[in-house]
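A.B. asks: One structure, pasted below without further comment.
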Amino acid sequence: MPDTIGTLLVHSAQKHATRTALMEAGTTLTYERTLDLATACAVRLRERGIAPGDRVGILLANGWDYAVSYFGAQLAGAIVVLVNARLSAPEIAYVLADSGASLTITDDSFTDRLPAGAATVDATELVAEPGERRSPTSLPGLLRNTDDTAHLLYTSGTTGRPKGAAQTHANLLFNAGTVREQFQLTPDDRTLIVAPMFHATGINSQLIGFLSAGASCVVASAYKTADTLHTVAKQRITVFAGVATMLQLMLDRPELDSLDLSALRLFIMGGSPVPESLPKHARTKLPHTELANVWGLTEATSIVTFVRGDEYLARPWSAGRAVPGVELGIATDHDDITTNTDRVGELCVRGPIVTAGYWNKPDATAETFRDGWLHTGDIGTIDTDGYAHVLDRIKDMIIRGGENIYSLEVESVLAAHPAVADVGVVGVPDRIFGERVRAVLVLDSGYTLTATELHEYASQHLADYKVPAEFVFVTELPRNPSGKLLKRSLTQLPTAHDAT
């Protein structure tokens, strides 16, 4: 059995050599071809001095070249740094510096966001046709230990600084097994990857999970509702993984009824709240498709709980039960962990999916990973049958269309503007995205500022999905006697867009 991500690809290529592994637009790669190109990529990285344990960044849009570059870096023995392609220049610079990346695989579209002097290599060069076919058996990535870090996935920063979750080969292989078992995969399955491949869903559960089963991954550069629907129909996609926002948008498309989506057997949602009416609406429009819901987090690799089909429809509030081999608990006021039901508290996770901690951040690691348990920062309950109900988020996290946004990070950027005296950021309900970002601001006396100007300012420092959609100007932010900001009050303010 495979014990590293590199050996996983070798194993799948030996077993499913002529089956389709990757598809994108006009490009189709068999498993054998994928391994050949990844091997050539690994050799080229080694020739550039990459040694086992070196950090290699990937800053690319979704594509077959992303997948091949990823596996090539794994075969070279590198620790891959999965850089969010939507980050601003300062955010990218921080991730590369924090991880100590010695090389970044990228392309020309990211040149203006890369720090000056950063060592880069064009992905096209790395994944080019090899001059001769090479065997991967001598590559150091096959000799990595199962507990070695395979890649770093950076979380949104609760203090304005993201942290790199160190996901090991063992973490990723366990999650791949969960994907095969819970999704009931066979080599005949096909998934469409529209989730970014720098996120746990796209890379861990889809790319790695499906290739571990000998199934096919169709890769799309981005999610566009009309294009996605037509691709699902044309490519006979059997399993789709996304967020409730995507399903809502698909169901609203006028061409839905004219497309043959009968191959789509499973639609998996995760990363955002699901409107109560959505499951029933989906069952009417997509009668051949089972719905599933998952809950997970980067520090737990990807999937923690899962529920599907009639079980889910009977409990649409539920994120599911812990997958086999994983334990769920609730932290008590004394920081003990209990599995007692009907108790509200912080959800905690234990098992092979819990990552090795945060890269080079021992204090943050010690705070979050305690006594073998991952403290998730999510408040919830576990019922008598083991179904988890996620109630709220301790860390003021906003979820917009499946993207995690921490309010303090956005507040820190806006507070740096010379005209801003005080600011609070919250999430407010949004029909399409689940939540949108609202910023409530107090201006310094003598300053005038418009929402347009603030939007432009924020866009220079934040990824586009983090930029507030609403700006509300007030004379004073509501605070309690101890000075703590009353964020619930901010969600109840009427929307206004400009202040003069």
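A.B. asks: So what are the ³J(HN,Hα) numbers for the stretch 53-58, from phi and the Karplus equation (6.51, -1.76, 1.60; θ = phi - 60°), rounded to whole Hz, Gly and Pro as x?
C.D. replies: Working through the residues one at a time gives x, 5, 8, 10, x, 10 Hz.
A.B. asks: Rounded if a/c is under 1.5, else prolate if a/b is larger than b/c, else oblate: which is the stretch 81-227, with a ≥ b ≥ c the root eigenvalues of its Cα gyration tensor?
C.D. replies: Note, shape of the stretch 81-227 comes out rounded.
A.B. asks: Can you grab the distance from the C-alpha centre of the stretch 1-48 to the C-alpha centre of the stretch 453-479, Å, no decimals?
C.D. replies: That distance is 44 Å.
A.B. asks: Name all residues of the stretch 207-248 having a backbone nitrogen under 12 Å from the label point set 7 Å from the Cα of H288 along its Cα→Cβ direction, giving them as ranges.
C.D. replies: Once the point is set 7 Å along Cα→Cβ of H288, 233-239 turn out to lie under 12 Å by backbone N, inside the stretch 207-248.
A.B. asks: Pull up all non-local amide H partners of A78: gap of 5 or more, or a different chain, and H-to-H distance under 5 Å with H placed in the peptide plane.
C.D. replies: Counting only residues 5 or more places away or on other chains, the set is G53.
A.B. asks: Between I432 and D383, what FRET efficiency comes out of the Förster formula 1/(1 + (r/R0)^6) with R0 = 22 Å and r the beta carbon distance, rounded to 0.05?
C.D. replies: Details: r = 30 Å, r/R0 = 1.37.
Working from the Cβ atoms, E equals 0.15.
A.B. asks: Using 28 Å as the Cα-Cα cut-off, could you pick out the over-long pairs in K15/K163; K285/K487; K234/K285; K163/K487; K224/K280; K280/K466?
C.D. replies: Over 28 Å apart, Cα to Cα: K15/K163; K285/K487; K280/K466.
A.B. asks: For the stretch 397-420 and the stretch 124-155, what is the centre-to-centre distance using only Cα atoms, to the nearest Å?
C.D. replies: Answer, in whole Å: 36.
A.B. asks: Zone of T27 (label point 7 Å along Cα→Cβ, backbone N under 16 Å): which residues in the stretch 180-201?
C.D. replies: Inside the label zone: 193-194, 197-198.
A.B. asks: Moving to a separate point now. In sequence order, what are the phi-derived ³J(HN,Hα) couplings for the stretch 124-130 according to the Karplus relation 6.51 cos²θ - 1.76 cosθ + 1.60 with θ = phi - 60°, rounded to whole Hz, with x for glycine and proline?
C.D. replies: 4, 5, 6, 9, 5, 3, x
A.B. asks: Could you order peptides 119-130, 135-146 by the average number of other Cβ atoms within 10 Å of their residues, highest first? List each step's numbers first, then the result.
C.D. replies: Details: 119-130: 15.3, 135-146: 17.0.
Sorting 119-130, 135-146 by mean packing, highest first, produces 135-146, 119-130.
A.B. asks: Among W359, W295, W317, what is the fewest-to-most ranking by other Cβ atoms within 10 Å?
C.D. replies: By the 10 Å Cβ count, ascending, the order reads W317, W359, W295.
A.B. asks: Going by average Cβ neighbours within 10 Å, how do the peptides 408-415, 168-175 rank, with the highest at the top?
C.D. replies: The peptides rank, most packed first, as 168-175, 408-415.
A.B. asks: Something else about it: Compute from the Cα atoms of the stretch 168-218 the Rg and the Dmax, the latter being the longest Cα-Cα distance, and quote both in angstrom.
C.D. replies: 9.9, 28
A.B. asks: Using only the Cα atoms of the stretch 320-383, construct the convex hull and provide its projected area averaged over every direction, in square nanometres to one decimal.
C.D. replies: Numbers: hull surface 18.1 nm².
So the mean shadow area of the Cα hull is 4.5 nm².
A.B. asks: Quick one: which residues, 5 or more positions from I379 or on another chain, have an amide H under 5 Å from its amide H? H modelled 1.01 Å from N in the peptide plane, none for Pro or chain starts.
C.D. replies: Here L347, L391, D392, R393, I394 satisfy the definition.
A.B. asks: Treating only the Cβ of Lys, Arg, Asp and Glu as charged (+1, +1, -1, -1), what charge dipole size does the stretch 5-382 show about its Cα centre? Round to the nearest 20 debye.
C.D. replies: That gives a dipole near 600 debye.
A.B. asks: Which distance in Å, rounded to a whole number, links the C-alpha centroids of the stretch 178-210 and the stretch 314-386?
C.D. replies: First find each Cα centre; the distance between them is then 24 Å.
A.B. asks: R0 = 25 Å: FRET efficiency of R134 with T18, Cβ-based, nearest 0.05?
C.D. replies: The pair R134/T18 has a calculated efficiency of 0.80.
A.B. asks: Rounded, prolate or oblate: which one fits the stretch 1-77, using the alpha carbon gyration tensor with axes a ≥ b ≥ c (rounded when a/c is under 1.5, else prolate when a/b beats b/c, else oblate)?
C.D. replies: Cα axes put the stretch 1-77 in the oblate bin.
A.B. asks: D335 to D310: extension gain in nm, 0.36 nm per residue of separation minus the Cα-Cα distance?
C.D. replies: Stretched fully, the D335-D310 segment lengthens by 5.5 nm.
A.B. asks: Here's another thing I want to ask about it. Calculate how large, on average over all directions, the projected area of the Cα convex hull of the chain is; give the answer in nm² to one decimal. The partial results should precede the final answer.
C.D. replies: Values: hull surface 96.3 nm².
Dividing the Cα hull surface by four gives the mean projection, 24.1 nm².
A.B. asks: Next up: Positive end of the charge dipole of the stretch 5-382 (Lys, Arg +1 and Asp, Glu -1 on Cβ, about the Cα centre): tell me which of L60, L347, L37 has its Cα farthest that way.
C.D. replies: L37
A.B. asks: Which order do peptides 2-8, 88-94 fall in by mean Cβ count within 10 Å, highest first?
C.D. replies: By packing density, highest mean first, the sequence is 2-8, 88-94.
A.B. asks: Once you sort the root eigenvalues of the Cα gyration tensor of the stretch 397-499 as a ≥ b ≥ c, which label holds: rounded (a/c under 1.5), prolate (a/b larger than b/c) or oblate (the other case)?
C.D. replies: Oblate, since a/c reaches 1.5 and b/c is not below a/b.
A.B. asks: How high is the relative contact order of the chain? Use alpha-carbon pairs under 8 Å, at least six apart in sequence, and give a whole percent.
C.D. replies: Details: 1093 pairs, mean separation 56.3, N = 500.
Over the chain, the number comes to 11 percent.
A.B. asks: Another question about this same structure. From the phi angles alone, apply the Karplus equation (6.51, -1.76, 1.60; θ = phi - 60°) to the stretch 172-177 and give each ³J(HN,Hα) in whole Hz, x where the residue is Gly or Pro.
C.D. replies: Residue by residue, the stretch 172-177 yields 5, 5, 5, 4, 4, x Hz.
A.B. asks: Something else now. So who's got an amide H within less than 5 Å of the one on A21, skipping anything under 5 residues away but keeping other chains? H placed 1.01 Å off N, in plane.
C.D. replies: Excluding prolines and chain starts, which carry no amide H, the hits are L29, T30, Y31.
Any read-out appearing in this document is the output of simple, stated calculations on the displayed coordinates, not a laboratory observation. Quantities reported herein were computed from a predicted structural model and do not represent experimental measurements. Cβ sites come from the backbone with ideal geometry, for glycine too, and all protein chains shown count toward neighbours.
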